[in-house]
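The structure appears below as structure tokens.
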Amino acid sequence: MTIDTRTKGTLTLLLCVSAFTLPWTVGALLLLSTFLLPLLSSAFRPISDRSRRAFRRFSLYAAVLAGVLILLNSILLREGTALFTFLGIPLFDGGFLFGVKTATRLLLLSFSLLHFFLSTPIRIIASELQQTRIPPQIILSLLLALHFIDRLPARIERIFAAQEARGAPIRSSFFRRVKSFFTILTPLILTSISESIDRGIALELRGFHSGVRLLDAPPSTRSSVILSRAFLTLSLLLILWRIIRWVLL
Amino acid sequence: MLERVKSVIQQEMSGAGLPFVGFCIALNLTVGQVTAGLKIPLYLDSVGTVLVAVLVGPWSAIITGATANTLAAVFGNPVMIFFIPVVAVIAGFTALIARLGWFRTWYLVILGGILQGVLAAVASAPISAYLFSGITLGGQDFLVLYFRSMGNSILESVFYQGLSSDPADKTITYGIVFILLKNLPFRLLSRFRGVTNVRQALSEPSHDDRHPN
Amino acid sequence: MGLVVEIRNLVYQYSPHLPNALGGISFNVLPNTCCAILGPTGAGKSTILQAISGILRSHHRQGKAEGVIRIGDVIHQPIPDKSQFPNVGYVLQEPEVHISGLFETVAEEITFTLRTLDVPPTLHADRVRRITDALGLGHLLHRNPTHLSGGETQRVALATILVAEPPILLLDEPTTSLDIHGQMRLYEYLRKIKQTTTLLIAETNIDLALFVADYLVVLEGGQIVFNGTKAEFIQRIADFSSILAATEWHDILKSIANPRTRAEKRLASVLAK
């Protein structure tokens, strides 16, 4: 079955809402299920090698940090009874449980967002956003940001090289390096402002106006409309349930 | 209300404003390359947001910060998305003090940076505490745990952690933006709506202002 | 069909503490003709083009203008206050800024102009194909517009404007990023579109300007020092050679006297006419 961006987006929203509204045990099950998503559907697989690397890096980082945080919570939050001692230090069950709950919620939020963003090209997200009533300037600035993100590192490299050629103290004492920071950032900002002015003019010269549609709308199937509406309704119901519970208790 | 906001966004993001917002979003995400290259231990991930708040306007600054945080999530740091409200506070406060003329005087910039730091700590504390129980998968989590082990509540611990780092971080960011703007020629600044936030008298060009043709 | 452009007593000052960029200039450009605006850097060439295109008013809030600009039947007093696109197409000196960076293919980049003009999507492919065929860009349609050579970028930039079929086309030093073949190809094309378009070209490259222009306006310090036909210009070449880059004049005179390359022979024949 083909899963489109709208369905993926609303499913991600449902998972995030679940992280805040459902018991941590359900959250843990959902967390495990997020790892099945790329196996069940190609729509959730990373779109590039860069995305795959980002996913692996974050997974490793999150796993290590979650483990360390559970351990530290168990040691530092002296609630409940001591479960056991680790290198002579007592670990408390209250802190342990708190650590597990927090880590589960955080990991569920992080991984559901990560699965969505790393498997969806930003241009597709932009074209979906275009269907909403968001001003096109926001989508345009997002696309322009991607353009600049592609170019800025090379520009920074060039300025670094130019400063080094002029003998700028890039590899000297801390204070001289701070001074170098300005000699690098100032030309970067200067050239970018000049470029922004010219780009602004160029857009105006092509008749850019607030109503313009930048990208073609991706087609949506009947099943994707039904699924995305179902996920959205479920999310709203969960929030409502949580509010009612909070008011009643 | 929504239509009014849309119309303000359209006004702010016209001319050079729109591409400049795009550049500043990218700057937020790539300035780390400069600090890392120079081995300066600063993140400065809101330099772009502050630049836009001063030169373009509050709504554009909110868009800059929110988009940068969303892209940070796209590039592998999903937690950033939940801190968009904090970015909005930073953007709004900076635009407000810029309009009051604080970015024309160095000591007001420092004062603004300290106030901004406290405000950022206040704004991020409930998000860190209630959404993440103080743990956001960052190095500062250990400081939060330290404060908690001292007997403070989650909210207090997160707030103290924020107070210990945010004012310094924001004051440095403000200082950098202040120095950058001081060095920019008037002929470039004058193309932005916020030129009067930086230079008091429009008839006082800096020495390097040339004929634009 | 091209539209008339008339400029009357145009004075422009960028800000109160700067001298006048234009000091009361007047000239006409008839429909379907080409006017080359010549002069050294800072003479006011770009200011004239920006004033006609409408961006001068919208991008320089402190600028002060006097005079009148007529575009077709519309009189702007003193200058247009917003972009005159698609009546006036303007290609900037740096063609790469016309590449928005928003799109992944040249075809999408050119189509963007049609979207801004609300041209029905069913016509997009045909309009894009027509302009890319005319400019020899057919093989680049699926390439990334940010990864092109200088000449290709120049042609794509031109296509993003020409796809709107503007009756008036302004070009600001269009040959700066082109090699000699690219320059000749561009000017051949400009001669072709002159049949349906009014052209105003700011140039420092006199030989190229002479290749396509019917009228020439020479500026110095915001003042017109010559305004006349190509024949009148050639006749008076010696009178104001001192205000233009000496090397270019030297090259032209040398080429007229002893044409060696193909371009020089072509130039000599154009000048001989």
Restricting the first residue to the range A:51-70 and requiring it to be within 18 Å of A:A28 (Cα to Cα) and assigned to a helix (DSSP H, G or I), which pairs with a second residue that is hydrophobic (A, V, I, L, M, F, W, C) and open to solvent by 20 Å² or more (accessible area, probe 1.4 Å) meet a Cβ separation below 8 Å and a spacing of at least six or different chains? A:A62/A:L107; A:A66/A:L107; A:I70/A:F96; A:I70/A:V100
Selection over the range C:166-194 where residues are touching a Leu at 6+ places or on another chain (Cβ under 9 Å) and of a type in the set (V, I, T) yields a count of 3
Filter result for the condition that a residue is modelled with pLDDT of 85 or more, assigned to a helix (DSSP H, G or I) and hydroxyl-bearing (S, T, Y), over A:T183, A:T191: A:T191
Restricting to the range B:84-94, name every residue that is closer than 18 Å to B:C24 by Cβ and open to solvent by 10 Å² or more (accessible area, probe 1.4 Å). B:I84, B:V86, B:V87, B:A88, B:V89, B:I90, B:G92, B:F93
Suppose we filter the range A:1-41 for residues that are within 14 Å of A:R105 (Cα to Cα) and of a type in the set (K, R); how many remain? 0
With criteria (1) surrounded by fewer than 22 Cβ atoms within 10 Å (Cβ to Cβ); (2) facing chain B (nearest Cβ under 9 Å), A:E164 comes up short on (2)
Could you give every pair whose Cβ atoms fall below 6 Å, whose first residue belongs to the range C:199-212 and is within 15 Å of C:N227 (Cα to Cα) and open to solvent by less than 10 Å² (accessible area, probe 1.4 Å), and whose second residue is charged (D, E, K, R) and part of a helix (DSSP H, G or I), counting only separations of at least 6 or pairs across chains? C:A202/C:K45; C:I206/C:E248
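Each row is one residue, and each column tells you yes or no for (1) closer than 23 Å to A:R50 by Cβ; (2) at the interface with chain A (Cβ under 8 Å from one of its Cβ atoms).
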site	(1), (2)
B:E12	no, no
B:F23	yes, yes
B:G48	yes, no
B:N69	yes, no
If you take the residues of the range A:84-116 that are assigned to a strand (DSSP E or B) and at pLDDT 80 or above, which of them is farthest from the other protein chains (Cβ to nearest Cβ)? A:F84
Of residues in the range A:120-133 being open to solvent by 10 Å² or more (accessible area, probe 1.4 Å) and within 11 Å of chain B (Cβ to nearest Cβ), the one farthest from the chain's Cα centre (by Cα): A:R133
Please count how many residues of the range A:211-238 are within 28 Å of the chain's Cα centre (by Cα), exposed (fewer than 14 other Cβ atoms within 10 Å of the Cβ) and either within 14 Å of chain B (Cβ to nearest Cβ) or of a type in the set (D, E, K, R) (or both). 2
If you go through the range B:30-41 one residue at a time, how many are open to solvent by 20 Å² or more (accessible area, probe 1.4 Å) and under 14 Å from the mean Cα position of the chain (by Cα)? 0
1 or more residues of a type outside the set (A, V, I, L, M, F, W, C) and closer than 26 Å to B:G15 by Cα: qualifying helices (runs of 4 or more DSSP H) within the range C:64-178: C:106-116, C:150-162
Quick check on my filter: what residues within the range C:136-191 are touching a helix residue (DSSP H, G or I) at 6+ places or on another chain (Cβ under 9 Å) and of a type in the set (G, A, S)? C:G136, C:G138, C:G150, C:G151, C:A157, C:A159, C:A164, C:S177, C:G182
Quick one: what pairs do we get from the range C:78-93, first residue facing another protein chain (nearest Cβ under 8 Å) and open to solvent by less than 50 Å² (accessible area, probe 1.4 Å), second part of a strand (DSSP E or B) and of a type in the set (D, E, K, R), C-beta under 6 Å, 6+ apart or different chains? C:L92/C:D172
In the set B:Q140, B:Q200, B:Q161, which member is open to solvent by 20 Å² or more (accessible area, probe 1.4 Å), within 30 Å of A:L71 (Cβ to Cβ), among the polar types (S, T, N, Q) and modelled with pLDDT under 80? B:Q140
Subset of the range C:95-114, residues within 8 Å of chain A (Cβ to nearest Cβ) and buried (at least 20 other Cβ atoms within 10 Å of the Cβ), comes to C:V97, C:H98, C:S100, C:G101, C:L102, C:F112, C:T113
Within the range C:1-47, residues being within 14 Å of chain B (Cβ to nearest Cβ), open to solvent by less than 20 Å² (accessible area, probe 1.4 Å) and not hydroxyl-bearing (S, T, Y) number 9
Go through the range C:201-217 and give me each residue that's at pLDDT 85 or above and part of a loop (DSSP other than H, G, I, E, B). C:A213, C:D214
Quick one: in the range A:176-206, of everything that is basic (K, R) and at the interface with chain B (Cβ under 7 Å from one of its Cβ atoms), which residue is least open to solvent (accessible area, probe 1.4 Å)? A:R199
Can you tell me which residue among B:L18, B:L27, B:L44 is free of Cβ contacts under 8 Å to residues at least 12 places away in the same chain and either open to solvent by less than 10 Å² (accessible area, probe 1.4 Å) or more than 8 Å from chain A (Cβ to nearest Cβ) (or both)? B:L18
Just the residues that are among the β-branched types (V, I, T), within 26 Å of A:A19 (Cβ to Cβ) and within 19 Å of the chain's Cα centre (by Cα), please, taken from the range B:121-173. B:V122, B:I127
Given the criteria of a type in the set (F, W, Y), at pLDDT 85 or above, surrounded by 18 or more Cβ atoms within 10 Å (Cβ to Cβ) and assigned to a helix (DSSP H, G or I), does A:F148 qualify? yes
Among what's in the range B:101-152 and is over 27 Å from A:L60 (Cα atoms) and β-branched (V, I, T), pick the residue that is farthest from the other protein chains (Cβ to nearest Cβ). B:V118
What are the residues in the range A:134-151 that are in contact (Cβ under 8 Å) with a residue 12 or more places away in the chain and facing another protein chain (nearest Cβ under 7 Å), if any? A:P135, A:Q137, A:L140, A:L142, A:L143, A:L144, A:F148
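The values are calculated or read from the model by the stated rules, or taken from the named source; none is laboratory data. These numbers come from a predicted model, not from an experiment. Ideal geometry is used to build each Cβ from the backbone, glycine not excepted, and the neighbour counts take in all protein chains shown. For the accessible areas, the whole protein counts, side chains as well, though only heavy atoms, and no ligand, DNA or RNA atoms are used. Shrake-Rupley method; radii C 1.70, N 1.55, O 1.52, S 1.80 Å.
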